[in-house]
1. Restrict the check to the range 96-118 and report whether at least one residue is over 29 Å from ALA139 (Cα atoms) and within 14 Å of the chain's Cα centre (by Cα).
2. How many residues, within the range 32-48, are part of a loop (DSSP other than H, G, I, E, B) and either touching a residue at least 12 places away in the same chain (Cβ under 8 Å) or within 18 Å of THR117 (Cα to Cα) (or both)?
3. Name the single residue that is surrounded by the fewest Cβ atoms within 10 Å (Cβ to Cβ) among those in the range 104-140 being assigned to a strand (DSSP E or B) and basic (Lys, Arg).
4. Can you tell me which residue in the range 1-31 is nearest to VAL136 (Cα to Cα), limited to those that are part of a strand (DSSP E or B) and polar (S, T, N, Q)?
5. Could you list, in sequence order, the residues of the range 69-111 that are closer than 15 Å to LEU131 by Cα, charged (D, E, K, R) and modelled with pLDDT of 95 or more?
6. For the range 49-98, what are the residues that are in contact with a strand residue (DSSP E or B) (Cβ under 8 Å, 6 or more places away or on another chain), charged (D, E, K, R) and assigned to a strand (DSSP E or B)?
7. Given the structure, is THR53 of a type in the set (S, T, N, Q), exposed (fewer than 13 other Cβ atoms within 10 Å of the Cβ) and modelled with pLDDT of 95 or more?
8. Could you go through the range 94-103 and let me know if any residue there is surrounded by 13 or more Cβ atoms within 10 Å (Cβ to Cβ), free of Cβ contacts under 8 Å to residues at least 40 places away in the same chain and over 22 Å from THR33 (Cα atoms).
Amino acid sequence: MPRQSPKPPKLEQWNPGIPDQKLGVKDPAWTWTGDWSADKAAMAADGAGREATLKFNGVAVAIIGRLNQEGGRADIYLDGKKVGVADAYIVENTHDNALWHTYGLKPGAHTLRLVTTADADPRSKGRKVTLERAIVYRAP
C-alpha cells in the first residue's frame, strides 16, 4: 500500500434558507378536501383520499405533524409532481414532529399537496395523519 499524505476534505456547507413563516393549519394558505377533523391546533385525517394543499412562497418547506404508533402515510406532490411519501408512524419511546421536508427549491410560489393513503408501516395500529403547521424558508 503506498504512503499518502493526508489532505483535508473540501469544506461543505449546507444552508436550507432562513425560516420565514410558520403557517398553522388555520392559516388561509391551507385548503382541506375530504374528511379532516380539527384536533386542538391540528387537522387530522384517518383514512385514504383526504387532501391538504398548501400554497407558499419560499425555497424550502417543512411539514410538522404528530408522529405516533397509529400513524399512516400520505403521498406528497410539489408543484404537480409526486415527490415523496410522508410517514406518520414512529416507534415507541421516540419523538419527532417533522413529517416531511424539502430544501433547495427555486425561489418563488409553490403548491404542496398531501394526499392520505390506505397504506401504513406494518407496525402501525392505525392510518392517522395529523398536521400542525408548515415552516417556510426564504433565501439567505
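1. The answer is yes, given that some residue of the range 96-118 is over 29 Å from ALA139 (Cα atoms) and within 14 Å of the chain's Cα centre (by Cα).
2. The number of residues fulfilling the criteria is 8.
3. So the residue we want is ARG138.
4. Ranking the qualifying residues of the range 1-31, first place goes to GLN21.
5. Scanning the range 69-111 gives GLU70, ARG73, ASP75, ASP87.
6. GLU51, LYS55, ARG66, ARG73, ASP75, LYS82, ASP87
7. No, not satisfied.
8. yes
The values are calculated or read from the model by the stated rules, or taken from the named source; none is laboratory data. Please read these numbers as outputs of a predicted model, since none were measured by experiment. Every residue, glycine among them, receives a Cβ derived from its backbone with ideal geometry; neighbour counts consider all protein chains shown.
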